[in-house]
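Read-outs: derived from the displayed coordinates by stated rules, not from any lab. Everything numeric here is computed off the predicted structure, so don't read it as measured data. Cβ atoms come from the backbone with ideal geometry, glycine included; neighbour counts cover every protein chain shown.
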Amino acid sequence: MKYLHTMVRVTDLEKSLDFYVNKLGLVETRRYSNDKGRFTLVFLSASEDVGDGKDAELGMECPRVELTYNWDPENYTGGRNFGHLAYEVDDVYALCASLQAKGVVINRPPRDGRMAFIRSPDNISIELLQKGESKAPAEPWLSMPNTGVW
């Protein structure tokens with residue numbers, strides 16, 4: 001058995017791509033649109049995963065998140081019901097600062113120097129985990145309260 005991808009339904013593909021690609025830093029590895037089925041699939045991977053040289057164009061050997069955009073409007077509820085997406089990051093403090101500067105709410109700040117949570121435009125919970133050892137607790141994160149749910 002091998003992990004292939006996590007599928008997340010999105011209501012606004014451009015807004016979601018802005019979040020996942022431009023703000024979070026994922027890389028689009030594949031896109032498929034089906035006119036008859038009226039949907040578009042966009043596969044995204046972390047840049048470090050794509051760089052392994054294994055069929056990077058299709059992203060077949062790297063973990064992926066699949067954004068599913070159904071062309072006909074539909075309301076999705078319970079975005080938290082499947083849990084969350086998790087990404088290991090080089091510097092949780094630097095990424096949270098960058099995301100915050102781009103208007104992303106840090107729902108659970110990395111007070112412990114290890115873990116933070118944010119949400120996508122479709123309320124999908126995303127966990128950011130510090131690579132290796134936890135960073136030393138530091139401000140402004142140390143005293144920052146949670147915002148909303150994560």
Q | Angle between the chain longest axis and helix 92-101 axis [Cα atoms, degrees, rounded to 10] | A | 70
**Q.** Selection from Pro109, Ser98, Phe43, by position along the positive dipole direction of the chain (Cβ)
**A.** Pro109
Q | Debye, to nearest 20: dipole size of the stretch 84-150, +1 on Lys, Arg Cβ, -1 on Asp, Glu Cβ | A | 140
Q: At q = 0.14, 0.18, 0.22 Å⁻¹, work out log10 I(q)/I(0) for the stretch 84-150 with the Debye formula, treating every Cα as an identical point scatterer and leaving solvent out; two decimals please.
A: -0.34, -0.57, -0.87
Q: Would you mind working out the magnitude of the charge dipole of the chain relative to its Cα centre, with +1 at each Lys and Arg C-beta and -1 at each Asp and Glu C-beta, to the nearest 20 Debye?
A: 380
Q. Rounded to whole Å and sorted largest first, what semi-axes of the equivalent ellipsoid does the C-alpha gyration tensor of the chain yield via the square root of 5 times each eigenvalue?
A. 28, 19, 12
Q: Counting only C-alpha contacts under 8 Å and six or more residues apart, can you give the relative contact order of the chain as a whole percent?
A: 21
Q) When only C-alpha pairs under 8 Å and at least 6 residues apart count, what is the relative contact order of the stretch 84-150, in percent? A) 38
